[in-house]
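Colleague: Below: one structure in C-alpha cells.
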Amino acid sequence: MKTIRLNDAAHIPVIGLGTWNLNGESCVESVETALTLGYRHIDTADAYGNHHEVAEGVRRAGIPREELFITTKLPLSNGYARDTVLASGERFLKELGIEYIDLLLIHWPDRSYPFSETLGAMNELKTKGMVRALGVSNFTPHHLEDAFATGIEITNNQVELHPSFNQKVLREFCASKGIAITAYSPLGRKRDLALALLLELAKKYSATPAQIALNWILSRGMIAIPKSSHPERIKENFEATSFVMDEADLRRIDEMPQGERIVWPTFADFKY
Ligand SMILES: NC(=O)c1ccc[n+]([C@@H]2O[C@H](COP(=O)([O-])OP(=O)(O)OC[C@H]3O[C@@H](n4cnc5c(N)ncnc54)[C@H](OP(=O)(O)O)[C@@H]3O)[C@@H](O)[C@H]2O)c1
C-alpha cells in the first residue's frame, strides 16, 4: 500500500479503515477483516468508544506492529488541558494495546484552550516516544494559522472531503503548508454514490461508485478512511487503487457541483 510521509517516523498508508459507529464484535471483525485483506491503517478516536475493540481486531489479525498505522484523536469535551492530554496518551496506549500511537489528532478545534497548551502536551507525548506524529481535525485555515504560531509541527488535517464537498480552498492551503489531508466521510456517507458522474465513470472503469470516489481522492494526493462493516465492501474500498483514471475524468470530478457539508455538529467551529 502506498504511503504518504508525515515525518521521518510516520508514513501514513493512503487507505485506512474508518471506525466511527463501529462497536462491539462488529468493530473487532471489521478491523480483523480489513487487516487480513491488506489494510494497514486504522482510524479511531476516543469519542468512538472502540479502542478496546480495535485492539482486539488488531490482535486477531496478528500483523507485526511496525506494519500498522493507528490514528486516534483527543476528545473535545474537556480533553485539551495539558494534564488531560498527558493522561489520555497513557490511557490510549493501554486501551489500544500498543506502545506508540502513529498519529494523534485534536479531534475538533476548541479555542477555549490555547493550542500552545494542547499541542505542547501532545508534543511531550511525542518526545517520550508515545506518539509518532501530531495532527488536527476539522481545522480551517484560520485554526491552522493559530496552530502554526505555536511552532509545533503539525503533519495532518483530517476533514470531511468527498466529490460533492471537495474542500478546494482548504486543500490548496494545506498543500502550500505541507500538511497532508485525510478525507473523512470519503463516500459522503453514501450520499455521493448516487451521483450521475460517479455512476458513469464506474461503468467506464468497471468499478463501483465508491471506488471512483476513493480513487479520485487518492489520485489527488490525499488519504481516505472509508468505514464499512461489510467484508465485501471493506474489500471493494481497498481495491479502489487497482485502476488508473484518465486525468480528464479526474478533472470532471474536480469540477463537480458542490453540496453542503454532511458533518456539522453544533460544537463545530467551521465559520472561524
Ligand atoms: N475527524 C472527524 O471528525 C470525523 C468525522 C466523521 C468521520 N470520521 C472518520 O472517517 C470515517 C469514514 O467516514 P464515515 O463513516 O462518516 O462515512 P463514509 O466512510 O463516507 O461512509 C460510510 C457509509 O458508507 C457505507 N459504505 C462503505 N463502503 C461502501 C461501499 N463500497 N458501497 C456502498 N456503501 C458503502 C457504510 O455502510 P456499511 O458499514 O453498512 O458498509 C456506511 O454507511 C469514520 O468511520 C471515521 O473514522 C472522522
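Colleague: With the requirement that a residue be of a type in the set (G, A, S), in a helix (DSSP H, G or I) and in contact with a helix residue (DSSP H, G or I) (Cβ under 8 Å, 6 or more places away or on another chain), what does region 24-60 give you?
Modeller: If the condition is that a residue be of a type in the set (G, A, S), in a helix (DSSP H, G or I) and in contact with a helix residue (DSSP H, G or I) (Cβ under 8 Å, 6 or more places away or on another chain), then G24, S30, A34, A55, G57 are the ones that fit.
Colleague: Can I ask one more? I want to confirm something. Restricting to region 228-254 and keeping residues that are within 14 Å of the ligand (Cβ to nearest atom) and in a loop (DSSP other than H, G, I, E, B), which single residue is least open to solvent (accessible area, probe 1.4 Å)?
Modeller: This residue is S228.
Colleague: Take R233 and tell me if it is without any contact (Cβ under 8 Å) to a residue 24 or more places away in the chain and more than 21 Å from the chain's Cα centre (by Cα).
Modeller: No; evaluated as a whole, the condition is false for this residue.
Colleague: Right, next: Only one of G62, G49, G79 is open to solvent by 50 Å² or more (accessible area, probe 1.4 Å), more than 16 Å from P13 (Cβ to Cβ) and within 15 Å of the ligand (Cβ to nearest atom); which?
Modeller: Answer to the selection: G49.
Colleague: Now, a different point. Name the residues in region 180-193 that are open to solvent by 10 Å² or more (accessible area, probe 1.4 Å) and within 7 Å of the ligand (Cβ to nearest atom), would you?
Modeller: Y184, S185, L187, R189, K190, L193
Colleague: Which residue is farthest from the ligand (Cβ to nearest atom), if the candidates are limited to region 1-25 and must be out of contact with any Gly (no Cβ under 8 Å at 6 or more places or on another chain), open to solvent by 50 Å² or more (accessible area, probe 1.4 Å) and more than 22 Å from S77 (Cα to Cα)?
Modeller: Taking the candidates together, the pick is D8.
Colleague: Residues of region 209-227 being near the ligand (Cβ under 10 Å from one of its atoms) and touching a Leu at 6+ places or on another chain (Cβ under 8 Å), which ones?
Modeller: Those that are near the ligand (Cβ under 10 Å from one of its atoms) and touching a Leu at 6+ places or on another chain (Cβ under 8 Å): P209, A210, A213, L214, A224, I225, P226, K227.
Colleague: Among the numbered criteria (1) closer than 21 Å to F69 by Cβ; (2) charged (D, E, K, R); (3) crowded, with 17+ Cβ neighbours inside 10 Å, which one does K128 miss?
Modeller: Every listed condition holds for K128 apart from (3).
Colleague: Another question, if that's okay. With the checklist (1) closer than 27 Å to I42 by Cβ; (2) touching a helix residue (DSSP H, G or I) at 6+ places or on another chain (Cβ under 7 Å) in hand, flag the one item Y272 doesn't pass.
Modeller: Only one criterion is unmet by Y272, namely (1).
Colleague: Within the set of pairs 6+ apart or on separate chains, which have a first residue in region 59-80 that is in contact (Cβ under 8 Å) with a residue 12 or more places away in the chain, a second that is surrounded by 24 or more Cβ atoms within 10 Å (Cβ to Cβ) and acidic (D, E), and C-beta atoms under 9 Å apart?
Modeller: Correct list of pairs: I70/D43; T71/D43; T72/D43; K73/D43.
Colleague: Going through region 29-46 one residue at a time, which ones are open to solvent by 10 Å² or more (accessible area, probe 1.4 Å) and of a type in the set (G, A, S)?
Modeller: Restricting attention to region 29-46, the residues satisfying the condition of being open to solvent by 10 Å² or more (accessible area, probe 1.4 Å) are 29, 32-33, 36-38, 40, 46.
Answer for region 29-46, where residues must be open to solvent by 10 Å² or more (accessible area, probe 1.4 Å) and of a type in the set (G, A, S): just G38.
Colleague: May I pose another question? Does at least one position in region 194-204 carry a residue that is within 20 Å of the chain's Cα centre (by Cα) and within 15 Å of the ligand (Cβ to nearest atom)?
Modeller: No: region 194-204 contains no residue that is within 20 Å of the chain's Cα centre (by Cα) and within 15 Å of the ligand (Cβ to nearest atom).
Colleague: Run down S137, S176, S164, S116 and say which single residue is modelled with pLDDT of 95 or more, within 18 Å of L86 (Cβ to Cβ) and either of a type in the set (S, T, Y) or within 16 Å of the ligand (Cβ to nearest atom) (or both).
Modeller: Working: S137 fails: within 18 Å of L86 (Cβ to Cβ); S176 fails: within 18 Å of L86 (Cβ to Cβ); S164 fails: within 18 Å of L86 (Cβ to Cβ).
Step by step, each of S137, S176, S164, S116 is checked, and only S116 is modelled with pLDDT of 95 or more, within 18 Å of L86 (Cβ to Cβ) and either of a type in the set (S, T, Y) or within 16 Å of the ligand (Cβ to nearest atom) (or both).
Colleague: While we're on this one: How about region 195-237: which of its residues are out of contact with any Pro (no Cβ under 9 Å at 6 or more places or on another chain) and either more than 22 Å from L37 (Cα to Cα) or of a type in the set (F, W, Y) (or both)?
Modeller: The answer is A196, E200, K203, K204, Y205, R220, G221.
The values are calculated or read from the model by the stated rules, or taken from the named source; none is laboratory data. As the structure is a computational prediction, the values presented were derived from the model and not from experiment. Glycine also receives a Cβ, built like all others from the backbone with ideal geometry; neighbour counts cover every protein chain displayed. Accessible surface areas use protein heavy atoms only, side chains included; no ligands, DNA or RNA. Shrake-Rupley method; radii C 1.70, N 1.55, O 1.52, S 1.80 Å.
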